Amino acid sequence: MKAYLSDRMGAALLMAPLLLFLGAAYAWPFFGVVNWSFTLPEPGLGQYGTLLSDPLVQSVFVRTLRIAAIVTIVSVAAAYAITVVWVRGTPAQRVIAEFCILVPFWISVLTRAFGWVALLSNRGLFNTWLQAIGFISEPLTLVRNEFGVIVGMTHFLIPFAVFPLAASMRSLDDRVLLAARGLGSSRMRTFWSVFVPMTRSGIIGSALIVFVFSLGFFVTPAILGGGRSVMVAELIYLRIFQSPDWGLGAAISVVLVLFVGALMALLFRYVRPKQLI
Amino acid sequence: MQQPGRAAEIKAIGIGKSFGSFRALDDLTLDIGRGEFLTLLGPSGSGKTTFLMILAGFVQPTDGRLYSDGVDITERPAEQRAAGMVFQGYALFPHMSVEANIAFPLKVRKKSAAEIKRRIGEMIERVGLKGHEKKLPSQLSGGQQQRVALARALVFEPGVLLLDEPFSALDKGLRGQMQAEMKRLHQETGTTFVFVTHDQSEALALSSRVAIFNHGKLLQVGAPDEVYDRPANRFVAEFLGEINMLPLKGVRNADNGATGLCEDRTITLRGNASAVGSNAILAIRPEYMSIAPEATAGENGIAATAVASTYLGAATRLDLTTRQGAKVTVSVPNEVAASALSKGNSVWLTWPAEKGFLLPDGGQ
């Protein structure tokens with residue numbers, strides 16, 4: 001068996017179905033999209049010109065980057081805390097943390113988005129409770145705005161942020177932490193000046209993954225943003241399906257894919273792919 | 001361990017540690033003197049590292065009390081004990097430069113920038129790391145990393161320096177060099193050193209006293225020559241080096257020692273050897289035995305036949321069998337071995353009366 005698998009030809013043959021599938025389902029259609037971006041409605045760089053000058057497109061890009069940045073910071077911070085418990089907690093704490101990390105994977109993104117609507121809307125659970133205890137008199141606008149989008153996306157992305165962090169925390173040598181304490185450093189100081197810097201690659205990997213995922217989010221912003229905080233993916237959808245502006249939609253897609261590709265290249269400089277699962 | 005610049009004196013009374021049902025350390029009572037170089041020696045799982053971790057404050061003992069300069073520190077957390085510690089594998093901070101690693105304990109103690117700079121400079125000079133200040137640990141050789149670990153552990157002038165098998169990752173030549181360096185650092189700093197190793201030659205070469213552990217028990221503490229020449233039991237005798245053991249019958253105490261019958265010859269022992277029963281084991285280190293063509297009156301000796309020889313360069317190792325079948329090994333000059341083998345292999349084994357010692361017959 002070993003001999004067969006180490007054989008390059010054999011490996012290529014075994015990989016072939018996947019490569020063919022990826023080629024047919026992604027690469028080929030993507031080249032079609034690239035083609036549209038240069039040819040619709042007429043050949044040339046016109047759509048890229050629009051992309052650079054249209055204030056609407058630009059505001060959507062800026063919003064997308066802003067939301068992605070906030071979601072990244074919040075998700076990584078929350079995931080860091082969960083991962084510390086998961087990797088270094090007592091056995092009981094580990095089980096609870098693991099449960100919290102895995103359960104979200106079993107619930108569809110659509111269900112979760114509507115779940116947040118039910119919790120955050122004007123007559124949703126949070127506002128009802130807060131009014132009931134007299135904390136607020138008027139309902140807070142928690143959904144159909146950027147806040148709702150950020151909450152929903154953060155909730156979705158925290159589990160993805162956990163894995164690179166866990167990999168970096170697991171590979172950390174405990175003796176280094178003991179050494180810090182033995183040298184007179186308090187637990188707090190050991191955490192901030194030794195533990196956190198030593199998990200730097202995990203933090204970078206985790207942040208890049210969340211950021212890249214955030215850039216392409218569609219369902220969550222569409223539902224929780226209620227059309228008021230449109231992100232890039234939704235803008236592409238609108239250009240293709242609602243206004244017959246395929247050329248511009250295609251150009252935005254191409255820019256998004258190139259940007260994400262560059263970020264992924266950066267990601268793999270810090271993290272090996274197998275650390276992400 | 002709290003006053004910087006002053007060697008600590010440590011007293012352990014009845015220290016025990018259980019991990020579940022496993023007794024890692026049992027009823028250990030030991031005084032570690034000010035400025036002493038004490039080695040904790042034993043095979044893996046013997047409790048030596050557990051004791052070191054208890055001294056550092058990383059492990060809480062289940063029984064007993066620990067005192068440093070007369071103050072009970074049993075419950076004091078590691079960061080407040082601040083014993084300098086060198087770990088197996090060094091445990092350097094991989095994200096900090098050599099300089100920052102050494103500065104860490106000083107920064108934690110909120111020393112002034114000027115003082116930190118001065119002390120780092122001195123320490124880097126002392127351990128010979130000049131020119132490497134800005135490098136990361138991963139850019140250094142094993143020996144250099146070792147020096148950083150030593151510098152980091154000594155820079156804040158701890159009362160005691162704890163070393164957990166610091167040389168296990170180094171090759172033999174470098175190990176000798178680092179041992180000499182550590183001896184020098186001990187003399188220069190005057191700090192109490194507690195050193196853990198499973199290498200008996202390292203223990204004998206470095207320490208002012210050796211504490212031998214097995215199965216969680218402290219078996220014997222003493223100066224290197226004391227534990228080597230007068231081991232308290234068979235385990236210590238065997239762990240510290242090769243040893244020949246011969247059954248001895250009719251043992252009784254005699255003037256400044258003991259006498260007994262070994263293969264029908266009367267054997268005398270002098271110095272700290274007293275009878276532990278009428279049957280005992282006579283133990284002699286190979287290097288104290290020599291071979292002679294025939295018996296000399298009044299000297300210890302038995303007849304034996306050489307069965308094999310191994311040329312070791314400086315000497316030859318001879319394996320012999322006595323008349324009653326006991327196996328004995330001696331280390332003799334090369335030409336002596338050659339002539340012994342040429343004379344039909346039959347030789348006479350002798351040893352000085354003060355070099356033999358008695359061990360209880362059977363078991364420990």
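The values are calculated or read from the model by the stated rules, or taken from the named source; none is laboratory data. Nothing here was measured: the structure is a model prediction, and the numbers come from that model. All Cβ positions, glycine included, derive from the backbone under ideal geometry; neighbour counts span all protein chains shown.
Does any residue of region A:69-90 turn out to be farther than 30 Å from A:S171 by Cα and either among the acidic types (D, E) or in contact with a helix residue (DSSP H, G or I) (Cβ under 9 Å, 6 or more places away or on another chain) (or both)? Within region A:69-90 (the criterion being farther than 30 Å from A:S171 by Cα and either among the acidic types (D, E) or in contact with a helix residue (DSSP H, G or I) (Cβ under 9 Å, 6 or more places away or on another chain) (or both)), the answer is no, since none of the residues qualifies. Evaluation of B:A308 against the conditions (1) surrounded by fewer than 14 Cβ atoms within 10 Å (Cβ to Cβ); (2) within 25 Å of B:A254 (Cα to Cα); (3) more than 25 Å from the chain's Cα centre (by Cα) shows that the sole unmet condition is (2).
Among the numbered conditions (1) surrounded by fewer than 18 Cβ atoms within 10 Å (Cβ to Cβ); (2) without any contact (Cβ under 8 Å) to a residue 40 or more places away in the chain, the only one that A:N145 does not meet is (2).
Could you tell me whether B:T39 is modelled with pLDDT of 95 or more and in contact with a strand residue (DSSP E or B) (Cβ under 8 Å, 6 or more places away or on another chain)? Judged against the criteria, B:T39 is a match. With respect to (1) more than 16 Å from the chain's Cα centre (by Cα); (2) in a helix (DSSP H, G or I), the lone exception for A:A207 is condition (1).
Identify all residues within region B:103-117 that are closer than 25 Å to B:S68 by Cα and of a type outside the set (D, E, K, R); write none if there are none. Matches in region B:103-117: B:F104, B:P105, B:L106, B:V108.
Only residues that are more than 7 Å from chain A (Cβ to nearest Cβ), over 23 Å from the mean Cα position of the chain (by Cα) and either surrounded by fewer than 16 Cβ atoms within 10 Å (Cβ to Cβ) or in contact (Cβ under 8 Å) with a residue 24 or more places away in the chain (or both): list them for region B:75-98, please. Hits for region B:75-98 are B:E75, B:P77, B:Q80, B:R81, B:L92, B:M96, B:S97, B:V98.
Out of all the residues in region B:281-301, is one or more touching a Pro at 6+ places or on another chain (Cβ under 8 Å), surrounded by fewer than 14 Cβ atoms within 10 Å (Cβ to Cβ) and closer than 23 Å to B:L349 by Cβ? Within region B:281-301, not a single residue is touching a Pro at 6+ places or on another chain (Cβ under 8 Å), surrounded by fewer than 14 Cβ atoms within 10 Å (Cβ to Cβ) and closer than 23 Å to B:L349 by Cβ. Being over 33 Å from the mean Cα position of the chain (by Cα), more than 24 Å from A:F195 (Cα to Cα) and either outside the structural domain of B:V196 (by TED's automatic domain parsing) or among the aliphatic types (A, V, I, L, M) (or both) is a condition met by at least one residue of region B:114-121.
When region B:245-300 is examined, which residues are found to be hydroxyl-bearing (S, T, Y) and part of a strand (DSSP E or B)? Once the filter is applied, which keeps residues that are hydroxyl-bearing (S, T, Y) and part of a strand (DSSP E or B), region B:245-300 yields B:T259, B:T266, B:T268, B:S290. Quick check on B:E165: is it assigned by TED's automatic domain parsing to the domain that holds B:D27, surrounded by 18 or more Cβ atoms within 10 Å (Cβ to Cβ) and at positive phi? Yes. On the stretch given as region A:119-137, residues that are surrounded by 12 or more Cβ atoms within 10 Å (Cβ to Cβ) and under 17 Å from A:I223 (Cα atoms) total 5. So is B:G313 under 24 Å from B:G257 (Cα atoms) and of a type outside the set (D, E) or not? For B:G313, the condition - under 24 Å from B:G257 (Cα atoms) and of a type outside the set (D, E) - is not met. One residue alone among B:A232, B:A237 is more than 24 Å from B:L349 (Cα to Cα) and within 29 Å of the chain's Cα centre (by Cα), and that residue is B:A232. Considered as a group, the residues in region A:168-204 that are loosely packed, with under 15 Cβ neighbours inside 10 Å and closer than 23 Å to B:G57 by Cα include one that is nearest to the other protein chains (Cβ to nearest Cβ), and that residue is A:S186.
Restricting attention to region B:311-342 and to residues that are basic (K, R) and surrounded by fewer than 16 Cβ atoms within 10 Å (Cβ to Cβ), the residue that is farthest from the chain's Cα centre (by Cα) turns out to be B:R323. Checking each residue in region B:126-164 for being of a type in the set (A, V, I, L, M) and either within 14 Å of chain A (Cβ to nearest Cβ) or under 21 Å from the mean Cα position of the chain (by Cα) (or both) picks out B:L136, B:V148, B:A149, B:L150, B:A151, B:A153, B:L154, B:V155, B:V160, B:L161, B:L162, B:L163.
For region B:58-74, give me each residue that is acidic (D, E) and within 14 Å of B:I32 (Cα to Cα). Listed by number, the list holds a single entry, B:D69. When region B:1-11 is filtered for residues that are touching a strand residue (DSSP E or B) at 6+ places or on another chain (Cβ under 9 Å) and either surrounded by fewer than 22 Cβ atoms within 10 Å (Cβ to Cβ) or part of a loop (DSSP other than H, G, I, E, B) (or both), the ones remaining, listed by number, are B:M1, B:Q2, B:A7, B:A8, B:E9, B:K11. Which of the residues spanning region B:55-66 are part of a loop (DSSP other than H, G, I, E, B) and within 14 Å of chain A (Cβ to nearest Cβ)? Answer for region B:55-66, where residues must be part of a loop (DSSP other than H, G, I, E, B) and within 14 Å of chain A (Cβ to nearest Cβ): B:G57, B:F58, B:V59, B:Q60. Scanning region B:36-58 for residues that are surrounded by fewer than 17 Cβ atoms within 10 Å (Cβ to Cβ) and touching a Phe, Trp or Tyr at 6+ places or on another chain (Cβ under 9 Å) yields a single hit, B:P43.
Residues in region B:22-33: is at least one closer than 18 Å to B:P166 by Cα and without any contact (Cβ under 8 Å) to a residue 24 or more places away in the chain? No: region B:22-33 contains no residue that is closer than 18 Å to B:P166 by Cα and without any contact (Cβ under 8 Å) to a residue 24 or more places away in the chain. Of the numbered criteria (1) touching a Phe, Trp or Tyr at 6+ places or on another chain (Cβ under 8 Å); (2) at pLDDT 90 or above, the one B:P166 fails is (2).
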